[in-house]
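Nothing in this text is a laboratory measurement; each read-out follows from the coordinates by a stated rule. This is a predicted model, so every value here is computed, not measured. Counting neighbours? That spans all protein chains shown, and the Cβs are built from the backbone with ideal geometry, glycine included.
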Amino acid sequence: MFFQHVYDKSLAQASYFIGCQKEGVAIVIDAKRDVDTYLEIAKQNKMKITHIAETHIHADFLAGSRELAKLTGAQLYLSDEGGEGWLYEFPHIGLKDGSVIKVGNLSLKVLHTPGHTPESISFLLTDHPASEEPVMLFTGDFVFVGDVGRPDLLEKAAGFANTKEAGAKDMYKSIAKFNALADYIQVWPGHGAGSACGKALGAVPSTTVGYEKVRNWAFQYPKDENGFVKYLLEDQPEPPKYFAMMKKLNKVDRPLLTEVPKQKKLSAEEFKSAFEKGIKLIDARNKVDFEKGFIPGSINIQGNNAFATWMGWFINYDEPFMLVASESQIEDLTRKLMRIGMDNVYGYIEDVTIWTALGNKLERSHVIDLNEFKDLYKNNNIQLVDVRGESEFKAGHIKGADNIFVGTLESNLTKFKKDKPVVIQCQSGDRTAIAYSVLAKHGFKNVKNYGGGMNEWVNTGNPVVSEN
């Protein structure tokens with residue numbers, strides 16, 4: 001058997017290439033959208049991708065299953081569980097609990113494991129030449145390392161009312177099915193630490209059934225369904241805004257993008273014309289470079305692993321946008337955007353000097369250090385706004401701070417006071433870089449960014465209060 005774990009750090013998303021070396025055929029599970037990765041693996045190992053499968057209708061990324069099928073001719077194997085409203089709306093081979101996919105000398109048995117979503121399935125792999133006992137379980141968003149998939153995303157992000165409690169109870173039943181499996185079976189989940197599909201995902205890529213029975217919180221409620229449901233639903237992180245669109249695009253027929261697009265480098269005149277028409281400008285530079293000088297009205301979303309997630313909060317799918325990014329950076333950013341279906345890139349400029357060359361001035365961020373923040377805080381003449389998530393805020397915050405999550409700033413601008421300076425802070429300064437640029441874009445002038453955030457505040461011995 002050939003096995004390769006493919007991991008996208010930007011979305012903490014795992015996919016799997018599994019092949020029968022004797023027959024030269026392979027299956028890909030939960031493919032990301034830039035599918036050239038899998039084509040290269042197949043080429044290097046002299047294999048043909050003949051099967052493509054998904055564990056569920058994903059909310060956090062745009063699956064590349066159909067792109068991969070178009071390029072390889074492989075069959076799509078997708079869940080037909082979950083009932084009306086939870087079925088894929090394009091041609092595929094439907095899977096039910098107990099279905100078996102054969103890939104050469106390998107077989108993958110389908111387990112219906114609802115909870116995260118009603119149609120969720122897991123794949124139990126047997127490598128028949130080696131043993132007739134199953135050796136691997138691909139769980140998607142069912143069981144993670146140290147956690148289980150959250151059932152509230154359908155309600156919070158996709159607008160399916162009154163589904164989270166039912167999903168949590170389904171998850172409790174699915175846990176019992178997992179609990180009956182042999183301890184030695186390897187578990188390969190769909191996400192790792194950093195994903196918004198759970199609240200306490202481990203950082204290692206895989207685990208075992210036995211390890212999770214002992215260490216995963218979800219297996220510590222053997223006779224307490226209500227306690228399990230309560231713990232599963234409380235303190236989940238904010239689901240990114242773009243999740244609703246992913247649910248839709250992964251379910252319905254849609255245009256396919258079978259290669260990574262090349263982005264247009266804009267001339268000064270092209271940029272000027274687009275900017276004057278109101279096309280949004282996203283500055284993907286490092287926050288320190290942005291603070292030193294930025295084009296008025298631009299939003300600073302750094303081109304790091306969180307780039308796509310934050311883009312999903314601030315860019316609508318039907319609007320074009322421009323990027324400030326180096327030529328060496330643009331392919332990576334394009335791939336990150338592809339993975340959430342954000343294809344409407346108008347073009348890019350390499351740096352902000354194009355703005356000054358047109359006779360315009362740059363703006364600068366007002367970043368303050370710990371001492372200046374303490375002076376302002378002590379005099380009680382500021383509005384302190386913590387832009388972290390609600391669960392982080394409740395766990396510990398600076399006394400007197402208001403909590404307005406950075407992803408929701410544009411719908412909460414009226415909560416910022418006009419009669420006194422506003423100081424924003426987060427954990428370490430990345431989210432306040434976004435927040436400062438958003439507030440500046442909307443005309444707020446008297447804003448200061450305490451970039452050290454909670455990390456510096458706590459590490460220098462200052463007090464916090466909690467609501468837990």
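Helix-only estimate, please: 222 nm mean residue ellipticity of the chain, summing -39500 (n - 2.57) across DSSP H runs of length 4 or more and dividing by its residues, to the nearest 500.
-8000 deg cm²/dmol
In a shell of Cβ-Cβ distance under 13 Å around Lys230, excluding Lys230 itself, what net charge do Lys and Arg (+1) and Asp and Glu (-1) give?
-4
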In debye to the nearest 20, the charge dipole size for segment 339-468, taken about the Cα centre with +1 at each Lys and Arg Cβ and -1 at each Asp and Glu Cβ, equals 420 debye
Residue among Val260, Gly104, Pro134 farthest towards the positive dipole end of the chain, charges placed on Cβ = Val260
For the Ala130, Asp224 Cβ pair and Förster radius 25 Å, calculated FRET efficiency rounded to 0.05 is 0.05
Relative contact order, percent, the chain [alpha-carbon distance under 8 Å, six or more residues apart] = 12 percent
Close lysine pairs (segment 327-468; alpha-carbon distance under 15 Å; 8 or more apart or on separate chains) counted at 11
Which loop-located GluC sites (Glu not before Pro) does segment 117-214 contain, where loop means any DSSP state but H, G, I, E or B and the Cβ has at most 10 other Cβ atoms within 10 Å?
-> Glu132
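Once you've got the Cα coordinates, tell me which of Lys96/Lys173; Lys70/Lys156; Lys22/Lys109; Lys22/Lys43 are over 26 Å apart.
Numbers: Lys96/Lys173 17 Å; Lys70/Lys156 33 Å; Lys22/Lys109 20 Å; Lys22/Lys43 15 Å.
Result: Lys70/Lys156 exceed 26 Å.
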Rg and Dmax of the chain, using alpha carbons, in Å: what are they?
-> 23.9, 74
Assign unit charges at the C-beta atoms only (+1 for Lys and Arg, -1 for Asp and Glu), then state the dipole size of the chain relative to its Cα centre in Debye, rounded to the nearest 20.
-> 600 debye
Projected onto the charge dipole of segment 395-468 (unit charges on the beta-carbon of Lys, Arg, Asp and Glu, signs +1, +1, -1, -1), the Cα from Ser466, Val438, Met454 with the largest positive-side position is that of Val438
What percent antiparallel are the DSSP beta bridges of the chain, to the nearest 5?
-> 45 percent
Electrostatic dipole magnitude of segment 417-468 [Cβ: Lys, Arg +1; Asp, Glu -1; Cα centre; debye, to 20] | 360 debye
